[in-house]
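The values are calculated or read from the model by the stated rules, or taken from the named source; none is laboratory data. Owing to the predicted nature of the structure, the values given are computational and were not obtained by experimental measurement. Here the Cβ positions follow ideal geometry from the backbone for every residue, glycine too, while neighbour counts run over all protein chains shown. Heads up: the accessible areas ignore ligands, DNA and RNA and are worked out on the full protein's heavy atoms, side chains in. Shrake-Rupley method; radii C 1.70, N 1.55, O 1.52, S 1.80 Å.
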Amino acid sequence: MQQWNAFYELINSDSKRFVILTHQNPDADAIGSSLGWKLYLQKKGHTATVIVPNECPSNLRWMPDYAEVITFDQNAQTVTQSKKLLQEADVICCLDFNALHRIKGLGSLAQSSTAIKILIDHHLEPEPFADFEFSDTTKAATAQYIWEIIKQMGDAELVDKPMAECLYAGIMTDTGSFRHGNTTPEVHLAVADLMRTGLNTNYVHRAIFDNNSLGRTRLLGYVLSEKLTWLPEYRTVYMTLSLEELKRFNSEIGDTEGIVNFGLSLENVVMSVLLIERRDEIKLSFRSVQDFSVRELANKYFSGGGHKNASGGRTSTSLPETVNLLLSILPEYQTQLLNVEK
Ligand code: 5GP
Ligand code: MN
């Protein structure tokens, strides 16, 4: 309560300089919650700028005010601009991530800033760095949380169609278009409220999902037909993509997003893993159903984490070595995997 009162005072105070940060490889919840929150803060009379660590996928660039977003690692100028904004900020908001090291260079800049820090997030076990911590894993999306906070502030009527588009994008994608287990009654209530602004949900869905390049479409077909391995004894599917293959399909940032979910569409499969070769690491994406937690596995063996049914991790070895590591740990989880009801 004390936290809420002080937070309420801060948001309702005279104009402050806000900087909003979100995670590396921003997804629709990261950028949607950030832009929705920025538009709200502006309506409250503040100055607000969104800084993302690296480039946003092209299917998210339609969002209202996206043109104002600063991409930290774009060039020397954006690095200088970001440093200045963070140094001069009164308040830094960290959205959709829970540890400053997850945003690399931007994290240390935020850490050394004297600005008040606000965390709004739905991942487990946040690092204790924020003055105001809104961390709740029962929220399906950070965008849902943003809507609920705005409503609790008594400012629901300030939410207009552009803000609703940003927030809906985050809620829709983090719930897998309202099919994942995190789709609570509160999610549907939030969406019902957002739709009253005139929000066109069909437009948002098409902007995000029906905007693929030919390369991405063909890449998906290639992975599913040539690169998917099914391990029925572990009810697991894994897929790999090398740098060479990504190049062959002219892959752009965001093109591999969502591919891992197709593994779960196979009958009887409980876990799906996508291993992607990047320039400096192997990135793993894990998805699971029901009670099988990929978070524990990602954390224990792949320096990662995330949610119970959607996690990520990385290794600094080669792609074949990483596949071998994955295969070597599966027996440890076999009983658990076989016991899941699907
Ligand atoms: P994705 O597979 O889409 O990259 O990530 C799935 C989920 O796991 C996301 O919620 C993301 O925030 C989380 N995640 C991905 N990589 C990491 C990581 O290295 N550490 C932690 N703690 N979470 C991660
Ligand atoms: Mn999220």
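Under the condition of being among the β-branched types (Val, Ile, Thr) and more than 11 Å from ligand 1 (Cβ to nearest atom), which residue from the stretch 266-289 is surrounded by the most Cβ atoms within 10 Å (Cβ to Cβ)? Checked the stretch 266-289; the qualifying residue surrounded by the most Cβ atoms within 10 Å (Cβ to Cβ) is Val270. Screening the stretch 290-317 for residues that are in a loop (DSSP other than H, G, I, E, B) and touching a residue at least 40 places away in the same chain (Cβ under 8 Å) and picking the one that is nearest to ligand 1 (Cβ to nearest atom) gives His307. Scanning the stretch 65-80 turns up no residue that is open to solvent by less than 70 Å² (accessible area, probe 1.4 Å), modelled with pLDDT of 95 or more and within 16 Å of ligand 1 (Cβ to nearest atom). Of all the criteria given as (1) aliphatic (A, V, I, L, M); (2) away from ligand 2 (no atom under 14 Å from the Cβ); (3) surrounded by 19 or more Cβ atoms within 10 Å (Cβ to Cβ), the one not satisfied by Met153 is (3).
Residues that are open to solvent by 40 Å² or more (accessible area, probe 1.4 Å) and charged (D, E, K, R) within the stretch 96-133 comprise Arg102, Lys104, Glu125, Glu127, Asp131, Glu133, listed in sequence order. There is no residue in the stretch 201-220 that is open to solvent by less than 30 Å² (accessible area, probe 1.4 Å), hydrophobic (A, V, I, L, M, F, W, C) and more than 27 Å from Asn54 (Cα to Cα).
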